Amino acid sequence: MKSKARRLISLIVTLVMAFTVMSMSMVGMTAGAAESKTYSEIKKYEVTYGGKLYRGFILVPEEEGQYDVSLIFCGTGGLNRWTWYHFDQWVNKWVSNGYIKPSIIVMPSVDKSNPDMEAGVQGWQFEQFVREQMGGMKEALLKTEYGKYINPSKQINIIGYSMGGSASLLTGTLYPNLYTNVASLSPSHTYYSYDGKQWLKSAKEIVFAKSSRARRLIAYSKSESNGQTYIFQENAKRYESEARKNGYPFKTYVTKNYPHKVDIFFREIFVYMYYLDHNVVLTESRINNMDYSMPITQYK
């Protein structure tokens, strides 16, 4: 009996030690993943298109290779929130947690006259930028110092929030053969209108890529407001409805209790980038259980 008891105790001790070692290894792996940095910093880029110089921010993985590219249009507040709120830290977290794959993220300055890229932007500048540059954006980026990191066989994914959400829709509409994957996040009023005075004159002009693999998303918050009527929800529903009528269905992501500020923008960007990699639009319950966010308040 004593021999059996000793063997049992020995077995228990062995199992406890093995579990402890395994737990320490897993903690080390998790810590290593959390501390890993795919992107060292937000960098600047310049491209020349149509004889004009355009600037912007770019995130490029530190490890050499060729990557997919996602272009994200800012809103009328300009590009300042990318650096103010440390977007690179957000994306590093998404990659290190295994939520998304490393990719190149381009954030263009719609205002070509502002070298510091901090000032706000007018609505008409988004339309001008899309019509002037987006037809040749891929070729222009390939000519930059970051061109060697771009996978030339892949299309650029288009994302935008607020007025940029309208610009992403315009991009997909004007260049359906160049941009298959389009996300419009909390879009503002300008895209098309019934009075014929906006970027597109009629809902009949709304077309997108015909690919069955297209990953299109419209997102908004039920309580989203910038001090005005809840125009963001209304616009998103209207754009999605008209696109569907024309034969171009969008997936939708709807959350609640978010104002029209950076918190909802980064959340929506994360949802779409996850959709690009996994072909799944996250539910509210699922995203609330994911460690995807950074403490924005410490940067305000």
From Lys138, Lys143, Lys112, residue being more than 30 Å from Ile231 (Cβ to Cβ), surrounded by 14 or more Cβ atoms within 10 Å (Cβ to Cβ) and among the charged types (D, E, K, R): Lys138
Suppose the filter is touching a strand residue (DSSP E or B) at 6+ places or on another chain (Cβ under 7 Å), over 24 Å from Lys101 (Cβ atoms) and among the β-branched types (Val, Ile, Thr); does Ile206 pass it? yes
Taking the options Met273, Met294, name whichever one is out of contact with any helix residue (DSSP H, G or I) (no Cβ under 6 Å at 6 or more places or on another chain) and either in a helix (DSSP H, G or I) or under 27 Å from Pro102 (Cβ atoms) (or both). Met273
Does region 171-181 include one or more residues that are buried (at least 24 other Cβ atoms within 10 Å of the Cβ) and modelled with pLDDT under 95? no
Just one of (1) aromatic (Phe, Trp, Tyr); (2) more than 20 Å from the chain's Cα centre (by Cα); (3) closer than 24 Å to Phe250 by Cα; (4) not in a loop (DSSP other than H, G, I, E, B) trips up Trp124, so point out which. (3)
Scan Val280, Val207 and give me the residue that is in a loop (DSSP other than H, G, I, E, B), among the hydrophobic types (A, V, I, L, M, F, W, C) and exposed (fewer than 14 other Cβ atoms within 10 Å of the Cβ). Val280
Among residues belonging to region 57-82 that are buried (at least 16 other Cβ atoms within 10 Å of the Cβ) and part of a helix (DSSP H, G or I), point out the one that is modelled with the lowest pLDDT. Arg81
Hey, does region 93-114 have a residue that's on the phi < 0 side of the Ramachandran plot, in a loop (DSSP other than H, G, I, E, B) and in contact with a Pro (Cβ under 8 Å, 6 or more places away or on another chain)? yes
The condition from (1) of a type in the set (A, V, I, L, M, F, W, C); (2) within 22 Å of Ile104 (Cβ to Cβ); (3) in contact with a His (Cβ under 9 Å, 6 or more places away or on another chain) that Leu178 misses is numbered (3)
Criterion first (over 20 Å from Val262 (Cα atoms), touching a Leu at 6+ places or on another chain (Cβ under 7 Å) and in a loop (DSSP other than H, G, I, E, B)) does Gln155 satisfy it? yes
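The values are calculated or read from the model by the stated rules, or taken from the named source; none is laboratory data. What you see is a predicted model, and the numbers here were worked out from it, not measured in a lab. Glycine gets a Cβ as well: all are built from the backbone with ideal geometry, and neighbour counts include every protein chain shown.
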